[in-house]
Amino acid sequence: YSHRFADSFQVLASYTYSKVIDSRPDNTSVVSGNAGDDAKVAQDTLLPNNDRAVGDADIRHKFVFSGVWDLNYANGLTNSVARAVLGHWQFSLISQVQSGRPFNDLVSGDPNADANNGNDRVPSVGRNTIRGPGFATADVRLTRDIPLYKERVVLRLIGEAFNVTNRANFNNIVNTQYTFSGGFYRPTTNFLFASTTFDPRILQLAAKITF
């Protein structure tokens, strides 16, 4: 949906439904023994199609909304003081809401004895069967233009808030369900716990001169 700038505001909104299916397109371990690189490799390199499933980048639902609103209703006031204080404001917003990305259900301890401890899944479980938490954020901006010399030189004061609701958006989860040792699978105690988050609320003030 698009409402081009008219009557002091504009709106853009989009929704995307998608599905990504692949078989580990980045299945190379450049640095052997590195946890990040080893996790990219197919669980069985002789049977790569066993890793065919929803891809790591599969974000099923995504909604993006943005808007700009010129708060110029005071520009026509006859009172010069009220016009100077209340005029030349602008409010803008961008928001994003999306479903979580997929994760593997892992086992540590190298149960298949291939010297790779980063890509072993729970037995009989396919790739990317865990769906992580969703993501939602909203960023807002409030600006005020102050003419310094006629219309040629303008001072713009800017106030911004990123993730204005201070929502805890989890970036990663603990997706190791079992540890394998001595021929036995032992459940972990923190399976599916959140491990890292994206940025909390961030406030920013700025000023710039345009001429």
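Can you tell me which residue within segment 62-75, out of those that are among the polar types (S, T, N, Q) and exposed (fewer than 15 other Cβ atoms within 10 Å of the Cβ), is farthest from the chain's Cα centre (by Cα)? Lay out the reasoning, then the answer.
Initial filter on segment 62-75 (among the polar types (S, T, N, Q)): 66, 72, 75.
Okay, now just the ones that are also exposed (fewer than 15 other Cβ atoms within 10 Å of the Cβ), so 72, 75.
Numbers: N72: 33, N75: 38 Å.
The extreme case among them is N75.
Just to be sure I understand, how many residues within segment 76-98 are within 30 Å of S18 (Cβ to Cβ) and either open to solvent by 30 Å² or more (accessible area, probe 1.4 Å) or touching an Asp or Glu at 6+ places or on another chain (Cβ under 6 Å) (or both)?
Residues of segment 76-98 within 30 Å of S18 (Cβ to Cβ): 92-98.
Checking which are either open to solvent by 30 Å² or more (accessible area, probe 1.4 Å) or touching an Asp or Glu at 6+ places or on another chain (Cβ under 6 Å) (or both) leaves us with 93-94, 96-98.
Matching residues across segment 76-98 total 5.
Between L192, L157, the distinction of being touching a residue at least 40 places away in the same chain (Cβ under 8 Å), over 28 Å from D56 (Cα atoms) and not basic (K, R) belongs to L157 only. For segment 40-61, the set of residues classified as surrounded by fewer than 16 Cβ atoms within 10 Å (Cβ to Cβ) and within 25 Å of the chain's Cα centre (by Cα) consists of R52, A57, H61, listed by residue number.
When each of A113, A74, A136 is tested for being without any contact (Cβ under 8 Å) to a residue 12 or more places away in the chain and of a type in the set (A, V, I, L, M), the lone residue that passes is A113.
Results for (1) touching a His at 6+ places or on another chain (Cβ under 9 Å); (2) surrounded by fewer than 16 Cβ atoms within 10 Å (Cβ to Cβ); (3) farther than 30 Å from N72 by Cα, shown as yes or no for each residue.
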site	(1), (2), (3)
F103	no, no, yes
R141	no, no, no
E160	no, no, no
N172	no, yes, yes
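Among the strands (runs of 3 or more DSSP E) confined to segment 153-211, the ones with at least 1 residues that are aromatic (F, W, Y) are located at 153-162, 170-173, 176-181, 184-187.
Can you tell me which residue is surrounded by the fewest Cβ atoms within 10 Å (Cβ to Cβ) among those in segment 174-190 that are under 15 Å from D120 (Cβ atoms) and hydrophobic (A, V, I, L, M, F, W, C)? Going through the qualifying residues, I end up with F184. Annotation: of all residues in segment 143-155 being open to solvent by 70 Å² or more (accessible area, probe 1.4 Å) and among the charged types (D, E, K, R), the one that is nearest to T210 (Cα to Cα) is R152. When segment 25-49 is filtered for residues that are of a type in the set (A, V, I, L, M, F, W, C) and in contact with an Asp or Glu (Cβ under 7 Å, 6 or more places away or on another chain), the ones remaining, listed by number, are V30, V31, A42.
Within segment 47-70, if we keep just the residues that are in contact (Cβ under 8 Å) with a residue 60 or more places away in the chain and among the aliphatic types (A, V, I, L, M), the residue that is farthest from T143 (Cα to Cα) turns out to be A53.
When residues in segment 105-129 are screened for being open to solvent by less than 20 Å² (accessible area, probe 1.4 Å), assigned to a strand (DSSP E or B) and not charged (D, E, K, R), 1 of them pass. For segment 3-31, taking the residues that are among the small types (G, A, S) and in contact with a helix residue (DSSP H, G or I) (Cβ under 7 Å, 6 or more places away or on another chain), the one that is farthest from G126 (Cα to Cα) is identified as S29.
The values are calculated or read from the model by the stated rules, or taken from the named source; none is laboratory data. These numbers were taken from a predicted model, which means no experiment stands behind them. We place every Cβ from the backbone using ideal geometry, glycine too, and count neighbours over all the protein chains shown. Ligands, DNA and RNA are stripped out before the accessible areas are found, and what is left, the full protein with its side chains, is counted by its heavy atoms. Shrake-Rupley method; radii C 1.70, N 1.55, O 1.52, S 1.80 Å.
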